[in-house]
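Shown next, in structure tokens, is the structure this report addresses.
The values are calculated or read from the model by the stated rules, or taken from the named source; none is laboratory data. Values in this document were obtained by computation on a predicted structure and should not be read as measured data. Cβ placement follows ideal geometry from the backbone for every residue including glycine, while neighbour counts extend to all protein chains displayed. For the accessible areas, the whole protein counts, side chains as well, though only heavy atoms, and no ligand, DNA or RNA atoms are used. Shrake-Rupley method; radii C 1.70, N 1.55, O 1.52, S 1.80 Å.
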Amino acid sequence: KKEEPPPAAPATPPAQQQQPQAEAKPAEPPKAKTHKIGLVVDLGGRGDHSFNDAALRGLETWAAGKKYEGGQYVAASPEEIKASITSDLTNLQPPITPQPIEPQVIQSKSPEDYEPNLQLLVDQGVDLTIGNGFLLEPAVETVAKANPNAKFLLVDSVLLDAENKPYSLPNVRTVTFKENEGSFLVGALAGLVSKTGKVGFVGGMEVPIIKKFEAGYRAGVKTTNPKAETGLMAVYTGSFNNVAAGKQVAQDLIKKGADVIFQAAGADGLGVIQAVKEAKAAGKNVYVIGVDSDQSHVAPEVVLTSMLKHLDLAIYTASRDLAEGKFAAGDVTLGLKEGGVGYADVRVDFPGKAEALQKVEALRQRVISGEIQVPASKEELSSFKATP
Amino acid sequence: MSERLRSAVPSILSVLLALVVCWVAIALTRDLSTAAEAYLQMLYGGIGQIPKYLETGSGALLARPLGESAGKAALLILTGLSVAVAFKAGLFNIGAQGQMVVGALASAVVGAQIALPSVVHIPLAILAAAVTGAAWALIAAALKLWRGVHEVISTIMLNWVAVSLVDNWLAVGPLRAVASGGHSVAGTAEIHPTAQFPRLLADISRLNLGFPVALAVALFVWLWLTRTRRGFETQAAGLGPDAARAAGISVKQRAAEAMALSGALAGMAGAVLVLGTEYRYPGSLAAPYGFDGIAISLIGNNNPLGVTITAIFFGILRAGGTRMQLLGVHKSFPELIQGLALLFVAGRLVWLTLLRKRKSQPASTEVPRA
Amino acid sequence: MSLDIGAGELLALVGENGAGKSSLMNVLYGLYHPDEGDIVLDGKPIRFKSPRDAIARGIGMVHQHFMLVPTLTVVENVVLGREPQRWGRLDLERAYSEVSATCQRFGFQLDLRARVDTLTVGSQQKVEIVKALHRGAKVLILDEPTAVLTPQESEDLFRVARGLKDQGHTVVFISHKLREVLSVAERIAVMRRGKLVAEVKAKETTASELANLMVGDARTGPAVVEPYHPPTGAVVLSARDLKVGVEDGSTALNGVTLDVHAGEIVGIAGVDGNGQRELAEVLTGLRKLGSGEGSLLGKPLANLNPHEARRRGVSHVPEDRLRRAVVKGMSVEENVALGRQGLPPFAKGPWLDFKGRRERTKKLLGAYDVRPPDPLLAVQALSGGNQQKVVVARELDAEPKFLVVVQPTRGLDISAVAQVHSRLREERARGVGVLLISLDLEEVLTLSDRIYVLFEGRVTGTFTRPEFDEREIGRRMLGAGAGHE
Amino acid sequence: MLEILEALLFSTLDAAPALIFATLGGVLSERAGVVNVGVEGQMRAGAFVAAVAALSMPTPLAVIVGMVAGAALASVHGYLSIRWRSDQVVSGMAINLVALAGGTFLLEALFSPNGTPPIEQLPRWQLPLIQDIPLLRALSDHPGLAYLALVLPFVFHAVLHHTPIGLRLRAVGEKPHAVATLGLSVPLLRWGAVLGGGLLAGLGGAVLSTAVLDRFEQHTPAGLGFMALAAMVFGRWTPLGAFGAASFFAFGNALRIGLASSAPEILDVIPQGFLLALPYFLTLLLLAIQGQRSSAPAALGTPYEQESR
Ligand SMILES: Nc1ncnc2c1ncn2[C@@H]1O[C@H](COP(=O)(O)OP(=O)(O)OP(=O)(O)O)[C@@H](O)[C@H]1O
Ligand SMILES: Nc1ncnc2c1ncn2[C@@H]1O[C@H](COP(=O)(O)OP(=O)(O)OP(=O)(O)O)[C@@H](O)[C@H]1O
Ligand SMILES: [Mg+2]
Ligand SMILES: [Mg+2]
């Protein structure tokens, strides 16, 4: 094994990079061992304001205390780190603190690149390799089997065998989320906020995971505003990378009277936010609910809240575990109870806000207590009894 | 031979110029040493970490990158040949992407839905991809030959139709893989192990049957084009349709054949992807290999040997380009080099004029137009 | 080369194909640029950078190949480039009135609002002239204006030309038709191989003197008198009442009946565009027969295709060399193989036989004196004459039973012409039936044993060598005798 | 019902302008006889540069800068295809690939891989009278360029058929040699058309990043340029036909979206993928029925050589 300098340090002459670790290691103070953690993001890439940015936040900002600028890492200030932590995690114990960790992020251009990219990180000698997104499941599986001594974290999927049945490997930790539970709460809020009694949902491609968002969302709306659920307009854009398509879909929903729209559509979702922003500017009273990350910064005036999916927390936790030597394989499922999903601070004002938030909080407790079983699919939804 | 070498000069110069331009681009956005290091890393990523290998003697350090390069090269060889074969018949096939999509899907379906011994399963899956790709391309050929619809337009349309139908319907609808417990999986069901290309170096590397298959296909295309009567007729039909017709060659038939072969090659690229590494249709083909094929074909002078060399070169750049990210250099460089190289090749006549020394080498040996 | 053109004269320019007539006129018109030399207009040397300058100096040109935009109307074509405008808008009404004024002044009758592609060739010719006159041309250059006109239309045209001359215009016209040159022009300039070889007054010369001047001393005197070869063999082609339509719906062949026997050369005489091309295409399978019957080498003519034609033993030296006869971008040897690419020595089964091809090509290049004799050279790198030799060599090497040759010597030099002619005679001696289609009546008269005259898709005359009568053939070529068939 | 129609109309009007401009750009270039498969690349250049420029200048000005960028890329195409008589399809594809990779590179180098920072969007015009009339109010609340897109095809049509320059343009695409013999410069006319086409395609791209969105997004224009080619052929190379075809495509897309929200049952019968493929399929069908040769400019794709006949 060998230790390499930080990936983008320009001060390091190329020659040094190939130095064997034997020389480099004695120079290291044995205690504060720096752990290298590699992350392969899926096709959405850096800067999606959503899924991948959440993962990058967990690794770069939280675990390593760094930010990525112009192709290199610089230290992030404590304020910046603090600002990146959503309120539901501020009281986390122990609090989020940067660890001696060096991130190494690789972006992928196509599905067939996942596997070599993961392998490249393993070859670079990282201590933990993270695959972000269910698209990477087959690749993580293969690379983990080929490198039994390396540790892996698979986010957003469990390992699936050839028949697509879940199984586990001794060197892979997987984290999945109960998106339906978070979606349930934002759905409940949407039902309470909607004045027109019409709410919308915009999905990307019609894949099961997005259906899970829809089911939870519908259940939430049904709980607080049963009428709105029957008229709920759910549209799929057919893509995750076409902002304009998302915008057009949202415009259509707004024209048809929707005043709260929840989007789970990758880049298309940014188009949804755009459409709502423009409608607001034109004098309409409309809101959008973000997804994965707190998307309030994209358009503060219209983002009601965001359904948080704490990939950041999952990655941070795994990184910290690694730094503390506690990293263990296994399947982790994060729901409301575990703080793995939730919703972001509601920063916009609307009549009856306090009351509405109270109701949503009450629902949160009922989900956590197990009183409410949030449906995760269309079938479960049909048998779901809303109890306000 | 020297004649052929001379005709490759503009392409070689174009690629070199593109490499220089991109090097300058890295140097400008970062700094000189990063630029130098980035190219070195790209090379390591493409052909193996030779220094480290010499040090450690671990074969995987060479085999792995080479396997990746070979995988990319196989795809580029096939799509490049696809475009080149159509060119030879005077047709511009912009539809390799769509043909690859339908071919990939077909091989994924055959690989997953049928259980057969490996010796039959693999050829059958490849055949399915080739036939589907050919059929898709023949739509464009039919429109061209019977209705005069320019193949550039029809193949662009067919690309969209293929992607819409496959990615937004079949791959997320009837052919979608289902996971127990509501888990999400991308794409279609996994193919049977019997349909998977064997790995040539066991588990060290992803080097698989795809690369030798692509080379064999390139050899076949070369033989067909330069050694057989049919290939000769096809080239004549492409270069001079009127003269070819007067010589008793059925120009339409040769064009349709070439287009079918072109589609079959693109379809096989899809099969190489599915059977070689993905083991399923992956939901969508994010990389535009079909469009890359255009660049590869033109840079490779539309000739099977040139295409193969170009494809291997860019396969190395593509596979190695990922390593540039270790330095924080952008992931788009291999594509940029390829695009610029094509642009410079499009200015072929500029090169020839700059280089013209021999008068008997007419300047008008250009890409045939349809 | 130097040439003086006087104001207000009617000058004819004659010369063989490729003598440089069009090139010279294009230089005068500013379209080509002279490497050396000057144009002197009204005593002042000038340089034309583009036709714009020439037009501004009152030079107008009607090109050998029409320069009209088919999808535009007559008036649009006429005003193109100097459009009347009003507030930046194209003032079509003013254009109509101005153009019709021009037409009236020079006595043209044209439907100004018709799209040009709906007009007859004659009318298109008029549009071209109006175009030039409308630009105020004082010098009008007409490049082979009568090549595609009916005699009637030609008459009209020359009436116009004389009228123009009377109004003080200078008219230069190029023609191959010596008769009309003599009757119309005042002065005649003769070009040969890019040089001016003579200037004569029309009244002081004769057609044969002109012809001698044109072709040079090598061919002075009457053509070699050939003995008559009565047909020796069976009928190879027997065609009855062939009719063929062309793309624009008109009829190109309108009931042609002819026979070709083994061992004779049958010539087709006629002015360009009277069905010669279509006849050749039908007999080589390139064009579908409309109606009529025929047998070619013992099998029906209907449903012939080029492949089938070649299988039966038909060889074809087409007229449009670079388009139909050779494939640009392929080497000489590949072009030699064309048409027989599947047969020995060019192929072995489905495989190409490179060795056989190379040997055969070398042999042919030597036998036909192609220079340079390099089988690997790109065919377009050969000169036109050498390309033609390659084509002739290839077609004769196939040992045809029936040979269709169209314009076989166009653009060839004298020795090459002689070579091709002797090859054709050899083929006849070998018992091949040869159909020779040429616009060069001289050539047809020299080689043929029998001549059919084509006019507007009909045979207007049949002649056998002992009774060849050049004047009568010429009359038939211009339509005399139509309807006798 | 009215609401649905209104949504449909609004959606169409919002999405159509970029496509209309790009299609007109294609028409302009191709009417002069220069094949323009590089529309996609020119749009991408326009979209990117406009968004970058808008970071430091008023957005309307940035749109113009974006147009110039489209023209700059088109000039590469012009240089290769007019000056050097390169194959026009090849050089068009080359600029597409360069714009695709180059745009990605610059985006990553200067901003973030996913897009530029947000810019100030082009203002939307509230039309005073119709704002409150149901249905008609769908015409209000669009950026100024949307109204330009409704007018420009007619202006283009008028220029093409009623001005000298239009006449010359039509002529040069049909028979360049005829134009040359009249003393007009074929290269000059073609250059003008190619650059004009680049300006229009650049405008189409700029619309995407400054009016439809408020930033350049990494995938822009996501194939819209190729769709513009289809619209151009569908509209038989005429400005009004292009307008109709582009509007039809935009409408078809809006209809698909509208159906999903208004009549979700339909999607159970006809899969989304079918509806997505519909515009392209229809274009193919129409081309198959009418054939293409009839309407394309006769000299399209043929490099012009001065001294040839
Ligand atoms: N653009 C050109 N470049 C080079 N050579 C040319 C070009 N145009 C014509 N020529 C050659 O110049 C010579 C004169 O051609 P030109 O067209 O002037 O002949 P012409 O006397 O008009 O013959 P015709 O009676 O067949 O019209 C020919 O040998 C021709 O091949
Ligand atoms: N495109 C070309 N590039 C290079 N060389 C050429 C090209 N075309 C012709 N040549 C060479 O120039 C020479 C003259 O060609 P050209 O066609 O002018 O001959 P020519 O005098 O017209 O002869 P011919 O009477 O046989 O037609 C030829 O020997 C040929 O090798
Ligand atoms: Mg699996
Ligand atoms: Mg001439």
Residues that are at positive phi, away from ligand 2 (no atom under 16 Å from the Cβ) and within 13 Å of chain B (Cβ to nearest Cβ): does the stretch A:175-195 have at least one?
no
Just to be sure, is C:E319 within 16 Å of ligand 4 (Cβ to nearest atom) and either open to solvent by 10 Å² or more (accessible area, probe 1.4 Å) or touching a Pro at 6+ places or on another chain (Cβ under 6 Å) (or both)?
yes
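Out of the residues in the stretch B:238-285 that are within 14 Å of chain C (Cβ to nearest Cβ) and in contact with an Asp or Glu (Cβ under 6 Å, 6 or more places away or on another chain), state the one that is farthest from A:D42 (Cα to Cα).
At the first step, the residues of the stretch B:238-285 found to be within 14 Å of chain C (Cβ to nearest Cβ) are B:238-254, B:257.
When the remaining residues are screened for being in contact with an Asp or Glu (Cβ under 6 Å, 6 or more places away or on another chain), the result is B:249, B:254.
Details: B:I249: 51, B:R254: 43 Å.
It comes out as B:I249.
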The correct count of residues that are hydrophobic (A, V, I, L, M, F, W, C), at pLDDT 90 or above and within 17 Å of C:K389 (Cβ to Cβ) in the stretch C:294-329 is 4
Return the residues of the stretch C:154-182 that are open to solvent by 50 Å² or more (accessible area, probe 1.4 Å), at pLDDT below 85 and part of a helix (DSSP H, G or I); say none if nothing qualifies.
C:E155, C:D156, C:R179
Residue, most open to solvent (accessible area, probe 1.4 Å), within the stretch A:213-227, restricted to residues that are within 14 Å of another protein chain (Cβ to nearest Cβ) and touching a Ser or Thr at 6+ places or on another chain (Cβ under 8 Å):
A:E214
For the stretch D:194-309, list the helices (runs of 4 or more DSSP H) that sit wholly inside it and hold at least 2 residues that are buried (at least 24 other Cβ atoms within 10 Å of the Cβ), more than 9 Å from chain B (Cβ to nearest Cβ) and in contact (Cβ under 8 Å) with a residue 40 or more places away in the chain; which are they?
D:224-234, D:239-262
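Restricting to the stretch C:18-48, count the residues that are within 16 Å of ligand 4 (Cβ to nearest atom) and either of a type outside the set (S, T, N, Q) or open to solvent by 90 Å² or more (accessible area, probe 1.4 Å) (or both).
Step one: of the stretch C:18-48, the residues within 16 Å of ligand 4 (Cβ to nearest atom) are C:18-29, C:31-32.
Cutting the leftovers down to either of a type outside the set (S, T, N, Q) or open to solvent by 90 Å² or more (accessible area, probe 1.4 Å) (or both) gives us C:18-21, C:24-25, C:27-29, C:31-32.
Summing the residues that are within 16 Å of ligand 4 (Cβ to nearest atom) and either of a type outside the set (S, T, N, Q) or open to solvent by 90 Å² or more (accessible area, probe 1.4 Å) (or both) in the stretch C:18-48 gives 11.
Here's the yes/no breakdown for (1) more than 14 Å from chain A (Cβ to nearest Cβ); (2) buried (at least 23 other Cβ atoms within 10 Å of the Cβ):
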| site | (1), (2) |
| --- | --- |
| D:E3 | no, no |
| D:L8 | no, no |
| D:I20 | yes, yes |
| D:L28 | yes, yes |
| D:V35 | yes, yes |
| D:G38 | yes, yes |
| D:A47 | no, yes |
| D:A69 | yes, yes |
Given the conditions (1) open to solvent by 30 Å² or more (accessible area, probe 1.4 Å); (2) aromatic (F, W, Y); (3) within 8 Å of chain D (Cβ to nearest Cβ), every one holds for A:Y236 apart from (1)
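State whether one or more residues within the stretch C:425-435 are open to solvent by 20 Å² or more (accessible area, probe 1.4 Å) and within 13 Å of ligand 2 (Cβ to nearest atom).
no
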Restricting to the stretch B:137-153, give me the number of residues that are more than 7 Å from every other protein chain (Cβ to nearest Cβ) and either over 21 Å from B:E257 (Cα atoms) or open to solvent by 50 Å² or more (accessible area, probe 1.4 Å) (or both).
3
Can you name every residue in the stretch B:55-68 that is in a helix (DSSP H, G or I) and more than 10 Å from every other protein chain (Cβ to nearest Cβ)?
B:L62, B:A63, B:L66
Among (1) at pLDDT 90 or above; (2) assigned to a loop (DSSP other than H, G, I, E, B), the one test that A:T223 misses
(2)
Checking the structure you have, find out if any residue of the stretch C:60-79 is among the hydrophobic types (A, V, I, L, M, F, W, C) and open to solvent by 40 Å² or more (accessible area, probe 1.4 Å).
no
Condition check for B:F197: assigned to a helix (DSSP H, G or I) and under 19 Å from the mean Cα position of the chain (by Cα):
no
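Select, from D:G66, D:G70, D:G92, the only residue that is farther than 21 Å from B:P288 by Cβ and either at pLDDT below 95 or in contact with a Phe, Trp or Tyr (Cβ under 9 Å, 6 or more places away or on another chain) (or both). Break it down into steps so the answer makes sense when it comes.
Values: D:G70 fails: either at pLDDT below 95 or in contact with a Phe, Trp or Tyr (Cβ under 9 Å, 6 or more places away or on another chain) (or both); D:G92 fails: farther than 21 Å from B:P288 by Cβ.
Sole residue among the options that is farther than 21 Å from B:P288 by Cβ and either at pLDDT below 95 or in contact with a Phe, Trp or Tyr (Cβ under 9 Å, 6 or more places away or on another chain) (or both): D:G66.
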Which residues, taken from the stretch C:1-51, are at positive phi, outside any loop (DSSP other than H, G, I, E, B) and away from ligand 2 (no atom under 16 Å from the Cβ)?
none
Please list, ordered by first then second residue, the pairs with beta carbon atoms under 8 Å, 6 or more apart or interchain, first in the stretch C:158-178 and within 17 Å of C:L28 (Cα to Cα) and away from ligand 3 (no atom under 16 Å from the Cβ), second assigned to a loop (DSSP other than H, G, I, E, B) and open to solvent by 40 Å² or more (accessible area, probe 1.4 Å).
C:H169/C:K138; C:T170/C:I5; C:T170/C:A7; C:T170/C:K138; C:V172/C:I5; C:I174/C:Q64
Taking the stretch A:111-163 only, how many residues are more than 7 Å from chain B (Cβ to nearest Cβ) and either within 16 Å of ligand 4 (Cβ to nearest atom) or in a strand (DSSP E or B) (or both)?
11
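Here is a yes/no grid of residues against (1) within 21 Å of A:Q373 (Cα to Cα); (2) within 16 Å of ligand 3 (Cβ to nearest atom); (3) open to solvent by 30 Å² or more (accessible area, probe 1.4 Å); (4) under 23 Å from the mean Cα position of the chain (by Cα):
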| position | (1), (2), (3), (4) |
| --- | --- |
| A:A150 | no, no, no, no |
| A:L160 | no, yes, no, yes |
| A:E163 | no, yes, yes, no |
| A:N171 | no, yes, no, yes |
| A:V175 | yes, no, no, yes |
| A:E179 | yes, no, no, yes |
| A:V186 | yes, no, no, yes |
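Which residue out of B:I126, B:I156 is open to solvent by 10 Å² or more (accessible area, probe 1.4 Å), farther than 30 Å from A:T333 by Cβ, assigned to a helix (DSSP H, G or I) and touching a residue at least 40 places away in the same chain (Cβ under 8 Å)?
On the way: B:I156 fails: open to solvent by 10 Å² or more (accessible area, probe 1.4 Å).
Only one candidate qualifies: B:I126.
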Keeping to the stretch C:338-368, report how many residues are under 34 Å from the mean Cα position of the chain (by Cα), farther than 28 Å from C:S415 by Cβ and surrounded by fewer than 18 Cβ atoms within 10 Å (Cβ to Cβ).
1
Among the residues of the stretch C:50-59, which ones are more than 8 Å from chain D (Cβ to nearest Cβ) and crowded, with 23+ Cβ neighbours inside 10 Å?
C:I59
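Is the stretch B:159-173 home to any residue that is of a type outside the set (A, V, I, L, M), farther than 27 Å from B:G276 by Cα and modelled with pLDDT under 95?
From the stretch B:159-173, those of a type outside the set (A, V, I, L, M) are B:159-160, B:164, B:167-169, B:173; that's our starting set.
Next, from what is left, pick out any that are farther than 27 Å from B:G276 by Cα: none.
Taking every residue of the stretch B:159-173 in turn, none turns out to be of a type outside the set (A, V, I, L, M), farther than 27 Å from B:G276 by Cα and modelled with pLDDT under 95.
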All but one of (1) open to solvent by less than 20 Å² (accessible area, probe 1.4 Å); (2) free of Cβ contacts under 8 Å to residues at least 60 places away in the same chain hold for A:P138, so report the exception by its number.
(1)
Looking at the stretch C:23-47, I want the residues that are under 16 Å from C:V62 (Cβ atoms) and more than 11 Å from every other protein chain (Cβ to nearest Cβ) and have a partner that is open to solvent by less than 30 Å² (accessible area, probe 1.4 Å) and away from ligand 1 (no atom under 12 Å from the Cβ) with Cβ atoms under 9 Å, at least 6 apart or on another chain. Which pairs are those?
C:M25/C:M61; C:M25/C:V172; C:L28/C:I39; C:L28/C:F48; C:L28/C:A54; C:L28/C:I59; C:L28/C:M61; C:L28/C:V172
